[in-house]
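Here the structure is laid out as structure tokens; the discussion comes afterwards.
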Amino acid sequence: MHDMVSFSHEDAQEEAMTFVVKEACIGVNDQSCIAVCPEDCIVSRLADRISVIDPDRCTDCNVCFEACVFGAIFPKDQVPPESREFIGLNALWFEDKEAVRAHIDEIIAEQNAAG
Ligand code: SF4
Ligand code: SF4
């Protein structure tokens, strides 16, 4: 867990989030969830290093939650307190991908510094 940087993105899109991918995906991003999502609404690009879920297309079917063996996907309302910034990060990705990538870089840098 990181605590040097934090992130908040409070807007309607964040409110709309359904399922959220949290930090356990960073550095894994094996796309197992993408392969099983029946709505094809989980996205990831090489630059992201984390998958994100499109709340406008997600139908809350729970399939990705069960498929992620890394425990990286949570229903929004069950995201642990220390990971709640990822609700905003998931939401922001659809508006400003570069901002999210920059913040993921910060998280990775902190993880590396912590060893
Ligand atoms: S299955 Fe889990 S670890 Fe793999 S890409 Fe999806 S959220 Fe990330
Ligand atoms: S809950 Fe279902 S529809 Fe939503 S992202 Fe997961 S697999 Fe896709």
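None of the figures in this text is laboratory data; all of them are computed from the coordinates on show. Being a predicted model, the structure only gives us computed values, none of them experimental. Quick reminder, even Gly has a Cβ in these numbers, built from the backbone with ideal geometry, and neighbours come from all protein chains shown.
Please state the relative contact order of the chain as a whole percent: Cα pairs under 8 Å, 6+ residues apart?
37
Counting other Cβ atoms within 10 Å of each Cβ, which trypsin sites (Lys or Arg not before Pro) in region 33-66 have at most 16 and sit in a DSSP loop?
Answer by residue number: Arg45, Arg57.
For helix 97-114, report the angle its Cα long axis makes with the longest principal axis of the Cα atoms of the chain; keep it between 0 and 90° and round to the nearest 10°.
That works out to roughly 50 degrees.
Any idea what diffusion coefficient the chain gets from Stokes-Einstein, in µm²/s, Kirkwood Rh on alpha carbon pairs, 10 °C, 1.306 mPa s?
113
Kindly point out, ordered by number, any Cys in the chain whose beta-carbon has no other cysteine beta-carbon under 4.7 Å away.
Cys25, Cys37, Cys41, Cys58, Cys61, Cys68
Which far-off residues, 5 or more places away or on another chain, put their amide H under 5 Å from the one on Val20, with H placed in the peptide plane?
Distant-sequence amide H within range of Val20: Phe74, Lys76.
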